[in-house]
Amino acid sequence: MTWASIDLNADLGEGFGRWRLTDDEQLLSVVTSANVACGFHAGDAVTMRRVCRLAAERSVRIGAQVSYRDLAGFGRRSMDVPAEELAAEIAYQIGALEIFARAAGSRVSYVKPHGALYNRVVHDEEQAAAVVDGVLLSGERLPVLGLPGSKLHTMAEKAGLPTITEAFADRAYTADGRLVPRGQDGAVLTDPATVAERSVSMARFGVITARCGRPVPVRARSLCLHGDTPGAVSLARRVRRQLETAGVRVEPFV
């Protein structure tokens, strides 16, 4: 499936205390949805408040980027968390971000897992169900952003939650439509021309080229650009400009 319009999302607020990883202000001038770190893999109260304020000023939708409790590993280490505990921690993160989103005159509009949790809920039904339970526990029936065909989307649909399909402009894909693990060479793409070309292909034609060279169908309503990718701001600007030149409207999915 292809779309006349596409959402651009980025992972933002990924700092802690005096340390900042993402150029939030510049990226918020390009993207239409902001996945805001909620304090478990990155982010803190001051950072969440600042990013929510900046996003609201620019009419960028605010999403809760929830993760395992793993500040030291940036949420990218595999963890085994009991389902009840994980659900509570998901709700906790959403609730924390909602306070700052409301204070900025906005709301949390969707939920997206981060890092190891994102990859885990592609195939792990129990962990996927726990994430969905956490969304429901937060008191809002929020859309869930994730890979097409993931267990997360299956469980969300069973619970009556909206699902939003996502693709990654700056990540390499396997032949079965999954992301190449970050530990492998070539998993993250940084060449602006390549990333922009792939973005247009996904948005207009629903196809991306896997690392093996095989075309892979991708049903994406939202494209992700990682805020911690080298040159993330110029990369995002190049992608948006090329999408619009190709006749694709860039606008929020919610």
### Summary
Residues of the range 69-127 being within 17 Å of residue 48 (Cα to Cα), among the β-branched types (Val, Ile, Thr) and touching a strand residue (DSSP E or B) at 6+ places or on another chain (Cβ under 9 Å), in sequence order, are 90, 94, 108, 111
### Query
What tally of residues in the range 3-23 results from selecting those that are open to solvent by 10 Å² or more (accessible area, probe 1.4 Å), assigned to a strand (DSSP E or B) and in contact with a helix residue (DSSP H, G or I) (Cβ under 7 Å, 6 or more places away or on another chain)?
0
### Task
Could you identify the single residue in 239, 250, 200, 207 that is modelled with pLDDT of 90 or more, surrounded by fewer than 16 Cβ atoms within 10 Å (Cβ to Cβ) and touching a helix residue (DSSP H, G or I) at 6+ places or on another chain (Cβ under 7 Å)?
207
### Task
Go through 152, 179, 189 for me and flag whichever is within 16 Å of the chain's Cα centre (by Cα), at pLDDT below 90 and surrounded by 12 or more Cβ atoms within 10 Å (Cβ to Cβ).
179
### Query
Here are some residues: 102, 107, 76. Which one is among the basic types (Lys, Arg), open to solvent by 30 Å² or more (accessible area, probe 1.4 Å) and without any contact (Cβ under 8 Å) to a residue 24 or more places away in the chain?
102
### Message
Just to verify a result, which residue in the range 60-73, among those that are of a type outside the set (A, V, I, L, M, F, W, C) and within 19 Å of residue 92 (Cα to Cα), is surrounded by the fewest Cβ atoms within 10 Å (Cβ to Cβ)?
### Response
69
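Just to check your reading of the model, which residue among 157, 166 is open to solvent by less than 10 Å² (accessible area, probe 1.4 Å) and under 25 Å from residue 132 (Cα atoms)?
None of the others qualify; the one that does is 166.
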### Summary
Result of the Cβ filter at 8 Å on the range 227-252, keeping first residues that are more than 21 Å from residue 189 (Cα to Cα) and partners that are open to solvent by 60 Å² or more (accessible area, probe 1.4 Å) and not in a helix (DSSP H, G or I), at least 6 apart or interchain, is 248/3; 248/4; 249/4; 252/61
### Task
List the number of the failed condition for residue 93; all other conditions in (1) in contact (Cβ under 8 Å) with a residue 60 or more places away in the chain; (2) closer than 30 Å to residue 177 by Cα hold.
(1)
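Does residue 131 qualify as being at pLDDT 95 or above, in contact with a Pro (Cβ under 7 Å, 6 or more places away or on another chain), farther than 14 Å from residue 39 by Cα and not charged (D, E, K, R)?
It is true that residue 131 is at pLDDT 95 or above, in contact with a Pro (Cβ under 7 Å, 6 or more places away or on another chain), farther than 14 Å from residue 39 by Cα and not charged (D, E, K, R).
The values are calculated or read from the model by the stated rules, or taken from the named source; none is laboratory data. Keep in mind that this is a model prediction, so the values were computed, not measured. Note that we place each Cβ from the backbone using ideal geometry, even for glycine, and neighbour counts take in every protein chain shown. Please note that ligands, DNA and RNA were not included when accessible areas were found on the heavy atoms of the full protein model with its side chains. Shrake-Rupley method; radii C 1.70, N 1.55, O 1.52, S 1.80 Å.
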